[in-house]
Amino acid sequence: MEFSLVVALIAVATSCVFVHFLARGATKKRRSPAAKKKLPPGSLGLPVIGQSLGLLRAMRSNSGERWVRRRIDRYGAVSKLSLFGKPTVLVAGAAANRFVFFSGALAMQQPRSVQRILGDKSILDLVGADHRRVRGALSEFLRPEMLRMYVGRIDGEARRHVAGCWSGRAAVTVMPLMKRLTFDIIASLLFGLGPGAAARDALAGDFERVMGGMWAVPVDLPFTAFRRSLRAAARARRLLAGITRERKAALERGAATRSSDLIACLLSLTDDRGGAPLLSEEEIVDTAMVALVAGHDTSSILMTFMVRHLANDPDTLAAMETLRMVPPIFGNFRRALEDIELDGYVIPKGWQVFWVASVTHMDAAIFHDPDKFLPSRFDSQSSSPATAKAAPPCSYVAFGGGPRICPGIEFARIETLVMMHHLVRNFRWKLSCKEDTFARDPMPTPLHGLPIEIELRISP
């Protein structure tokens with residue numbers, strides 16, 4: 001993937017150099033107000049390429065946190081660099097996280113590949129009233145009292161998964177199994193696609209291709225992962241649009257209710273003014289696509305790494321500590337909507353702002369002995385003051401924070417508890433690989449997908 005990235009970046013650079021020199025003279029004559037202020041320390045590196053390859057290499061060698069820490073040690077908590085062809089400011093620390101999460105002058109900034117696949121109008125890129133409207137609609141389905149109605153369906157999917165993929169086997173590879181389980185749960189609860197449904201199998205195949213190009217170089221050429229992902233996303237959207245039409249008709253004739261699934265819930269919502277639909281059918285499909293992608297990785301990664309930890313420590317089951325040490329999201333980007341200041345430095349309009357979860361998660365001043373797995377640090381009843389001390393706001397950011405904090409936290413918690421209950425109750429396991437490590441691409445993935453040897457637990 002690195003070679004293809006270099007090729008793509010060089011191609012972009014060729015077209016950018018001419019524009020750069022044309023604009024250079026005009027820039028000298030008329031500089032923006034931000035240019036007169038103090039930019040953060042650091043370097044933008046080579047044109048277009050910047051520090052992108054260095055970060056990608058570090059993430060794939062499981063040294064991304066050290067790469068970020070070296071920059072912080074050298075330049076401080078606010079520094080400039082260039083990532084994925086755009087000038088960027090790296091910010092670090094709980095105060096910086098709060099700035100990123102709550103500033104109205106920053107908007108979400110997704111990689112171009114994600115924007116192309118999910119669409120420019122997805123909830124990930126909406127701002128202001130549109131974001132609040134769509135998020136409010138999604139949150140209506142994800143309310144705890146709504147999710148409690150679906151525990152039985154989640155449990156049914158988990159039981160079928162265990163019976164079909166774990167029972168009777170001496171060894172399994174955990175990561176792909178957890179990905180399939182979370183997809184099946186999402187297909188059932190969000191889209192009403194039960195086991196054996198042809199549409200569910202078709203969506204599963206397209207979804208795998210969508211994810212294969214989600215973080216690829218956004219060059220739409222034949223035989224590339226990005227091209228395959230774009231085509232799969234188009235097919236998935238057509239399928240979801242068809243489900244939306246079917247569910248709308250079912251609601252009208254009383255064959256479905258608001259609690260049937262996510263699609264039915266979103267179709268049932270109306271605004272406060274004239275009773276018009278709160279979301280258009282296109283917005284419902286957009287929201288469903290984002291929910292499919294966002295709801296898939298976090299839970300599957302969390303359950304995989306909980307299995308990984310339990311192989312070495314079978315008596316300790318702790319989701320929050322697992323997420324602290326291995327957050328599913330390495331970091332994320334925002335985009336400056338205007339010139340803004342942080343710690344005496346200006347962040348120019350249009351620049352990216354990059355925050356990284358591990359900066360605070362692995363800070364010894366916030367979490368005592370950060371390299372140790374200590375579930376008691378999140379236990380308010382802990383007898384150890386060092387581990388029971390509450391972390392400051394915006395320092396534990398496994399699910400983000402602020403108005404854009406992940407709305408599916410409770411959903412992830414329920415499906416994780418249900419599945420881990422079945423695994424711990426029925427099986428013992430040990431790691432098959434001597435090398436217990438993982439890489440990020442960009443999500444954390446254990447070596448070889450985490451193969452384990454399993455045996456049935458004999459009840460006393």
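Looking only at residues that are closer than 19 Å to L278 by Cα and either touching a His at 6+ places or on another chain (Cβ under 7 Å) or open to solvent by less than 30 Å² (accessible area, probe 1.4 Å) (or both) in the stretch 119-129, which one is modelled with the highest pLDDT? If you could, list the steps in order and put the result at the bottom.
Residues of the stretch 119-129 closer than 19 Å to L278 by Cα: 121-129.
Cutting the leftovers down to either touching a His at 6+ places or on another chain (Cβ under 7 Å) or open to solvent by less than 30 Å² (accessible area, probe 1.4 Å) (or both) gives us 122-123, 126.
On the way: S122: 85, I123: 90, L126: 87.
Within the stretch 119-129, the match that is modelled with the highest pLDDT is I123.
Anything in the stretch 314-348 that is basic (K, R) and either over 25 Å from the mean Cα position of the chain (by Cα) or assigned to a helix (DSSP H, G or I) (or both)? List them, or say none. Write out each step before concluding.
The first filter runs over the stretch 314-348 and keeps only residues basic (K, R), leaving 324, 334-335.
Matches in the stretch 314-348: R324 only.
Is there any pair with a first residue in the stretch 343-370 that is more than 24 Å from F399 (Cα to Cα) and a second that is part of a strand (DSSP E or B) and of a type in the set (G, A, S) whose Cβ atoms are under 7 Å apart and which are 6 or more apart or on different chains, and what are they?
As it stands, the answer is I347/A336; P348/A336; K349/A336; G350/A336, since those pairs meet every condition given.
Quick one: V217 ticks every box in (1) surrounded by 15 or more Cβ atoms within 10 Å (Cβ to Cβ); (2) free of Cβ contacts under 8 Å to residues at least 40 places away in the same chain bar one, so which box is it?
(2)
Got a sec? Which of M306, M289 is closer than 30 Å to K372 by Cβ, of a type outside the set (D, E) and within 25 Å of the chain's Cα centre (by Cα)?
Working: M289 fails: closer than 30 Å to K372 by Cβ.
Every option except M306 fails the conditions.
So which of R148, R116, R112, R132 is farther than 11 Å from E283 by Cα, modelled with pLDDT under 85 and of a type outside the set (F, W, Y)?
On the way: R148 fails: modelled with pLDDT under 85; R116 fails: modelled with pLDDT under 85; R132 fails: modelled with pLDDT under 85.
After applying the criteria, what remains is R112.
Is the stretch 177-197 home to any residue that is open to solvent by 20 Å² or more (accessible area, probe 1.4 Å), among the small types (G, A, S) and assigned to a helix (DSSP H, G or I)?
Within the stretch 177-197, none of the residues are open to solvent by 20 Å² or more (accessible area, probe 1.4 Å), among the small types (G, A, S) and assigned to a helix (DSSP H, G or I).
Taking the stretch 440-456, which residues are over 21 Å from the mean Cα position of the chain (by Cα) and among the aliphatic types (A, V, I, L, M)?
I452, I454, L456
From the list V89, V114, V78, pick out the single residue that is hydrophobic (A, V, I, L, M, F, W, C), touching an Asp or Glu at 6+ places or on another chain (Cβ under 8 Å) and open to solvent by less than 20 Å² (accessible area, probe 1.4 Å). Before the answer, list the steps.
Values: V89 fails: touching an Asp or Glu at 6+ places or on another chain (Cβ under 8 Å); V114 fails: touching an Asp or Glu at 6+ places or on another chain (Cβ under 8 Å).
After applying the criteria, what remains is V78.
When the residues of the stretch 140-169 are filtered to those that are in a helix (DSSP H, G or I) and of a type in the set (F, W, Y), which remaining residue is surrounded by the most Cβ atoms within 10 Å (Cβ to Cβ)?
Step one: filter the stretch 140-169 for residues in a helix (DSSP H, G or I), giving 140-141, 144-165.
Now restrict to residues that are of a type in the set (F, W, Y): 141, 150.
Numbers: F141: 26, Y150: 18.
Here the residue is F141.
Let's see how each residue does on (1) farther than 20 Å from G213 by Cα; (2) surrounded by 16 or more Cβ atoms within 10 Å (Cβ to Cβ):
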{"position": "T224", "(1), (2)": "no, yes"}
{"position": "L230", "(1), (2)": "no, yes"}
{"position": "A241", "(1), (2)": "yes, no"}
{"position": "A249", "(1), (2)": "yes, no"}
{"position": "A255", "(1), (2)": "yes, no"}
{"position": "S260", "(1), (2)": "yes, yes"}
{"position": "T270", "(1), (2)": "yes, no"}
{"position": "A276", "(1), (2)": "yes, no"}
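Quick one: what pairs do we get from the stretch 154-177, first residue without any contact (Cβ under 8 Å) to a residue 24 or more places away in the chain, second surrounded by fewer than 19 Cβ atoms within 10 Å (Cβ to Cβ), C-beta under 8 Å, 6+ apart or different chains?
Hits for this filter: C165/R180; L177/C165; L177/W166.
Condition check ((1) modelled with pLDDT of 95 or more; (2) in contact with a strand residue (DSSP E or B) (Cβ under 8 Å, 6 or more places away or on another chain); (3) of a type in the set (A, V, I, L, M, F, W, C); (4) open to solvent by 50 Å² or more (accessible area, probe 1.4 Å)) across all residues:
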| position | (1), (2), (3), (4) |
| --- | --- |
| P314 | no, yes, no, yes |
| L317 | no, no, yes, yes |
| I329 | no, no, yes, yes |
| I340 | yes, yes, yes, no |
| V353 | yes, yes, yes, no |
| A357 | no, yes, yes, no |
| F367 | no, no, yes, no |
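Select from the stretch 429-460 the residues that are assigned to a strand (DSSP E or B) and closer than 19 Å to R160 by Cα and write down the one among them that is least open to solvent (accessible area, probe 1.4 Å). Write out each step before concluding.
Of all residues in the stretch 429-460, those assigned to a strand (DSSP E or B) come to 429-431, 438-440, 444-446, 451-456.
This time we only want the ones that are closer than 19 Å to R160 by Cα, so: 454-456.
Numbers: I454: 16, E455: 101, L456: 109 Å².
The selected residue is I454.
Determine if the stretch 383-397 includes at least one residue that is closer than 22 Å to S300 by Cα and either open to solvent by 10 Å² or more (accessible area, probe 1.4 Å) or part of a loop (DSSP other than H, G, I, E, B) (or both).
Here is the first cut: in the stretch 383-397, the residues closer than 22 Å to S300 by Cα are 396-397.
Now drop any that are not either open to solvent by 10 Å² or more (accessible area, probe 1.4 Å) or part of a loop (DSSP other than H, G, I, E, B) (or both), which leaves 396-397.
Yes - at least one qualifying residue is present in the stretch 383-397.
Restricting attention to the stretch 243-276, which residues are in a helix (DSSP H, G or I) and hydroxyl-bearing (S, T, Y)? Write out each step before concluding.
Here is the first cut: in the stretch 243-276, the residues in a helix (DSSP H, G or I) are 243-252, 262-268.
The answer is T244, S268.
Right, V114: of a type in the set (A, V, I, L, M), part of a helix (DSSP H, G or I) and closer than 29 Å to G45 by Cβ or not? Before the answer, list the steps.
On the way: of a type in the set (A, V, I, L, M): yes; part of a helix (DSSP H, G or I): yes; closer than 29 Å to G45 by Cβ: yes.
In short, yes.
The values are calculated or read from the model by the stated rules, or taken from the named source; none is laboratory data. Since the model is a prediction, treat every value here as computed from it, not as a measurement. In this analysis, Cβ positions are derived from the backbone assuming ideal geometry, glycine residues included, and neighbour counts consider all displayed protein chains. To get the accessible areas, we keep the full protein, side chains included, count just its heavy atoms, and leave off ligands, DNA and RNA. Shrake-Rupley method; radii C 1.70, N 1.55, O 1.52, S 1.80 Å.
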